[in-house]
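Here is the structure we will look at, set down as structure tokens.
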Amino acid sequence: MAGELVLSSLRDACSQDPTSIKQAEERLGQWEVEPGFYTILMNVFTDYGIEATIRWQAVVYFKNGVDKYWRKNSVNNLSDEEKVGIRAGFLRTFSEPENKIAVQLAVSISKAARMDVPLNWPDLLPALSEAVQSQDTVIQHRGLLYLHHTIKALASKRLAVDRRAFLDLSNNIIGYILNLWHGLHQTLLVNLQSGQKDANLTLEKATLTLKILKKLVVFGLKRPHEHSEAMLFVEKLFVEAKNLLQIRKNASPAIRELLEK
């Protein structure tokens, strides 16, 4: 199964011709259990020279495959060798320029992380931590998006060993994420008050850190009311909510809509 053949089928799946779409989907459906298929898909959606619609089609097929074939006990599961390459590939996608593709990647990473972290994927969380501390706006944004989905997946695990690992993770990163959220929120207030154009991105990043903090506090701490950083977070929430409500009162319709979202 050649990469060019897969690329051609993905292109046909994006066409306006119903016959071409149907034939392409049948071919791709047959290949989804073939060894190497998901590596080829990753090569397609990580190639920024390929049209975004085709890359998006590739990453959607990829996400669905991770959902079906990543488990070791699933029929036609991915080989350990292919998984190693895919995990490494995931950590090279922090510069993804298309937001809708990054969302599909975030979901794919979280599905794999739920089964592989920490034992089989020890370098994921350090990589995400490094990304969210990046000075590059895109890399930090993707890092927060991936971390949000990963934390959400890990928080849902219920085995005792997994719960202990998540408790350790939460205690280790809550302080940094709290500081990051507060810094982003202060920047957001300045941007909103001055009408800067990047308020959208700052709001999105602040919201992602807020969602991460929520999962850490609710699922990652045994006694949140006895945890100083968790209580500091709750205190700051009331103050920052009041600040946003004040800005909303006098905001333009466009900014008001942004805040209400």
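The values are calculated or read from the model by the stated rules, or taken from the named source; none is laboratory data. Everything numeric here is computed off the predicted structure, so don't read it as measured data. Methodologically, a virtual Cβ is constructed for each residue, glycine included, from the backbone with ideal geometry; neighbour enumeration extends over all protein chains shown. With ligands, DNA and RNA removed, areas are computed over all heavy atoms of the protein, side chains included. Shrake-Rupley method; radii C 1.70, N 1.55, O 1.52, S 1.80 Å.
The Cα-based radius of gyration of region 151-221, divided by its Kirkwood radius, gives an Rg/Rh of 1.13. Among Val117, Val84, Val138, flag the residue with its Cα farthest along the positive direction of the charge dipole of the chain, charges on Cβ as +1 for Lys/Arg and -1 for Asp/Glu. The listed residue farthest towards the positive side: Val117. Carbon-plus-sulfur accessible fraction, the chain (probe radius 1.4 Å, protein heavy atoms only): 53%. Dipole size of region 1-110 about its Cα centre, with +1 on Lys/Arg Cβ and -1 on Asp/Glu Cβ: approximately 360 debye, rounded to the nearest 20. Between the helical axis of 80-90 and the longest alpha-carbon principal axis of the chain there is an angle of about 50 degrees. May I ask which of Lys211/Lys236; Lys215/Lys242; Lys214/Lys236; Lys63/Lys205; Lys152/Lys205 have a Cα-Cα span longer than 18 Å here? From Lys211/Lys236; Lys215/Lys242; Lys214/Lys236; Lys63/Lys205; Lys152/Lys205, over 18 Å: Lys215/Lys242; Lys63/Lys205. On the principal axes of its alpha-carbon atoms, region 1-92 has extents of 37, 28, 21 Å, going from largest to smallest. Cα axis of helix 52-69 to longest principal axis of the chain: angle in degrees, 0 to 90, nearest 10? It is inclined by approximately 90 degrees.
Placing +1 on the Cβ of every Lys and Arg and -1 on the Cβ of every Asp and Glu, with no other charges, gives region 128-261 a dipole of roughly 460 debye about its Cα centre.
Is the shape of region 73-148 best called rounded, prolate or oblate, per the rule: a/c under 1.5 gives rounded, else a/b larger than b/c gives prolate, else oblate, with a ≥ b ≥ c the square roots of the Cα gyration tensor eigenvalues?
Prolate is the answer for region 73-148, as a/c is 1.5 or above and a/b outweighs b/c.
Quick check: Cα centre of region 146-164 to Cα centre of region 181-223, how many Å? So the two Cα centres are separated by 21 Å. Candidate cross-link partners of Lys22 among the aspartates and glutamates, defined by an alpha-carbon separation under 18 Å and a same-chain spacing of 8 or more, comprise Asp12, Glu32. Residue ranges 174-186, 56-68 sort as 56-68, 174-186 when ordered by packing (mean number of other C-beta atoms within 10 Å per residue, highest first).
Note on the chain: with charges restricted to the Cβ of Lys and Arg (+1) and Asp and Glu (-1), its dipole about the Cα centre is near 1160 debye.
Using only alpha carbon pairs under 8 Å that are at least six residues apart, calculate the relative contact order of region 1-94 and give it in whole percent. Reported as a whole number, the value is 24 percent. Computed from Cα atoms, the angle from the helix 137-155 axis to the main principal axis of the chain rounds to 90 degrees. Pairs of C-alpha atoms in region 183-261 farther apart than 16 Å represent 53 percent of all such pairs. Along its principal axes, region 1-160 has C-alpha extents of 48, 38, 24 angstrom, given from the largest down.
Summary of packing: across the peptides 114-123, 231-240, the per-residue average of other C-beta atoms within 10 Å ranks them, highest first, as 114-123, 231-240. In this simple spin-label model, placing a label point 7 Å from the Cα along the Cα-to-Cβ direction at both Lys214 and Arg71 gives a separation of 2.8 nm. Ranking Leu232, His149, Tyr48 by how far each Cα lies toward the positive end of the dipole of the chain (charges on Cβ) leaves Leu232 at the top. Here is how the number arises for the chain: DSSP H runs of 4 or more residues each give -39500 (n - 2.57), the sum is divided by the residue count, and the result at 222 nm is -25000 deg cm²/dmol. Restricted to Cα atoms, region 136-179 shows a radius of gyration and a Dmax of 12.0, 37 angstrom.
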